[in-house]
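First comes the structure, then the notes that go with it.
The values are calculated or read from the model by the stated rules, or taken from the named source; none is laboratory data. Quick caveat, the model's predicted, so the values are computed rather than measured. Reconstructed Cβ throughout: ideal geometry from the backbone, glycine too, with neighbour counts over all protein chains shown.
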Amino acid sequence: MNLPFNYTKTKSHYVQYHNGETWEQGHLQQKENLEINPMSTSLQYGQEAFEGLKAYRGQDGRVRLFRIEENAKRFIRSVNFLHMPAPTVDMFIEAVKQTVFDNLDYVPPYDSGGTLYIRPYMIGIGGQLPPAPSKHYLFGVVVMPVGQLFEPLKPISLKVTHFDRAAPNGTGSYKVGGNYAASMYAQNEAKNAGYNDCLFLDPRTHEHIEEVGVANFFGITNDNTYVTPESPSILRGITNLSLQYIAAEEFNMDVVKRPVPLEELNAFKEVGACGTAAVITPIEKIATDEQTLTFPEATNQNSVTAKLHNRLKNIQFGDETPPKGWITFVN
Ligand SMILES: *Cc1c(COP(=O)(O)O)cnc(C)c1O
């Protein structure tokens, strides 16, 4: 089975409306499309926030969610920043569980390389002209079986871009649709130049590494320290958070979060991108206008990156014991 990383219709998706005063009862809808007013704030002004996580089928047939509470908390943070009514952590988790349970047949089998991608989202709906918060909202969850975005552990190449995906004190740390629209031109430019993705620098000084396209960046130094950039405009990835934990608590590595100057890139023996969609991908080449750096360890199957990848994957698919609280069963 070789699933693409793309949208396909499944049995149902979850919808729950907020009428300006309270949440209405949520339900699973089998009709594929939504009907919303063309003057909805989500469509006209980008009042949209979302999450991305996956359901994994283990060898035992059971379906697992990975650190869903972290997604719930991040969603509430994003939703609040866009001045939308936030669901509770429990509402979020229940909505995801219900949707995955109703679509269990679509969770790919263990060992197929596939997972069920889960997309919770919130949009401002209802017609209005002023660019102000909407009165009406929809909280929804869509699920779809996917293959891998990048082949596991297949190295990628990056081009440092001159564009910014978010402002220094703007929306960068929130998972909102507008950040993605704002990164498309830069990503496309890198792809047209023959790279897999672009590397964003911090929007204030353009001296520090920020994010890999729409995934987090990490590097491993020669003395085995896990380093990941700190900046107010970086999205705090749950994959990255989990790798930091595994590195520190299980692999006995030092973990450091700090601004990472672009000039320091050659101090890393390994560099990589991580996120729910990208999983963990080694980077073998990073080009600026002036020079191209290469990372030969990217193809080493015994690299630290590969070991982190294998541990994470074995937790997610239920092959190894997870740290406490990381896995939620759906069935
Ligand atoms: C979602 C996202 C990530 C990865 O976060 P995970 O929780 O690991 O999936 C990284 N960067 C950006 C910009 C994102 O939107």
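What the table shows:
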| read-out | value |
| --- | --- |
| Unique residue being assigned by TED's automatic domain parsing to the domain that holds Tyr117, closer than 18 Å to His136 by Cβ and small (Gly, Ala, Ser) when the list is Ala55, Ala49 | Ala49 |
| Test: residue in the stretch 178-201 that is crowded, with 20+ Cβ neighbours inside 10 Å, more than 16 Å from Val160 (Cβ to Cβ) and either in contact with a His (Cβ under 6 Å, 6 or more places away or on another chain) or not assigned by TED's automatic domain parsing to the domain that holds Ala49 (or both) | yes |
| Candidates Tyr226, Tyr174, Tyr180, Tyr245 - the one that is within 13 Å of the ligand (Cβ to nearest atom) and over 30 Å from Gly46 (Cα atoms) | Tyr245 |
| Residue within the stretch 131-141 that is in contact with a Leu (Cβ under 8 Å, 6 or more places away or on another chain), β-branched (Val, Ile, Thr), touching a residue at least 40 places away in the same chain (Cβ under 8 Å) and crowded, with 18+ Cβ neighbours inside 10 Å present | no |
| Of the criteria (1) away from the ligand (no atom under 16 Å from the Cβ); (2) in a loop (DSSP other than H, G, I, E, B); (3) within 19 Å of Asn196 (Cα to Cα); (4) not acidic (Asp, Glu), which one Leu265 fails | (2) |
| Test: residue in the stretch 290-302 that is surrounded by fewer than 17 Cβ atoms within 10 Å (Cβ to Cβ), under 24 Å from Ala166 (Cβ atoms) and not polar (S, T, N, Q) | no |
| Residue check, Val214 at pLDDT below 95 and under 28 Å from Pro4 (Cβ atoms) | yes |
| Members of the stretch 151-167 found to be in a loop (DSSP other than H, G, I, E, B) and within 27 Å of Glu263 (Cα to Cα), listed by number | Leu153, Lys154, Pro155, Thr161, His162, Phe163, Asp164, Arg165, Ala166, Ala167 |
| Selection from the stretch 277-296 of residues that are out of contact with any strand residue (DSSP E or B) (no Cβ under 6 Å at 6 or more places or on another chain), within 16 Å of the ligand (Cβ to nearest atom) and not β-branched (Val, Ile, Thr) | Ala277 |
| Checklist (1) touching a Ser or Thr at 6+ places or on another chain (Cβ under 7 Å); (2) aromatic (Phe, Trp, Tyr); (3) assigned to a helix (DSSP H, G or I) applied to Phe101, failing item | (1) |
| Sole exception among (1) away from the ligand (no atom under 13 Å from the Cβ); (2) in a loop (DSSP other than H, G, I, E, B) for Val143, by number | (2) |
| Criterion violated by Phe150 - all others in (1) touching a strand residue (DSSP E or B) at 6+ places or on another chain (Cβ under 7 Å); (2) hydrophobic (A, V, I, L, M, F, W, C); (3) at pLDDT 95 or above satisfied | (3) |
| Filter result for Gly219 (surrounded by 22 or more Cβ atoms within 10 Å (Cβ to Cβ) and more than 14 Å from the ligand (Cβ to nearest atom)) | yes |
| Condition broken by Ser231, with the remaining ones in (1) more than 13 Å from the ligand (Cβ to nearest atom); (2) over 21 Å from Pro323 (Cα atoms); (3) not β-branched (Val, Ile, Thr) satisfied | (1) |
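One line per residue, one yes/no per condition, for (1) in a strand (DSSP E or B); (2) more than 15 Å from Ile286 (Cβ to Cβ); (3) touching a helix residue (DSSP H, G or I) at 6+ places or on another chain (Cβ under 9 Å); (4) of a type in the set (Gly, Ala, Ser):
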position: Asn169; (1), (2), (3), (4): no, yes, no, no
position: Tyr174; (1), (2), (3), (4): no, yes, yes, no
position: Ala182; (1), (2), (3), (4): no, yes, no, yes
position: Tyr185; (1), (2), (3), (4): no, yes, no, no
position: Leu199; (1), (2), (3), (4): yes, no, yes, no
position: Glu210; (1), (2), (3), (4): yes, no, no, no
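Yes/no per residue for (1) hydrophobic (A, V, I, L, M, F, W, C); (2) under 19 Å from the mean Cα position of the chain (by Cα); (3) surrounded by 19 or more Cβ atoms within 10 Å (Cβ to Cβ):
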| residue | (1), (2), (3) |
| --- | --- |
| Trp23 | yes, no, no |
| His27 | no, no, no |
| Gln30 | no, no, no |
| Asn37 | no, no, no |
| Arg67 | no, yes, yes |
| Ala72 | yes, yes, yes |
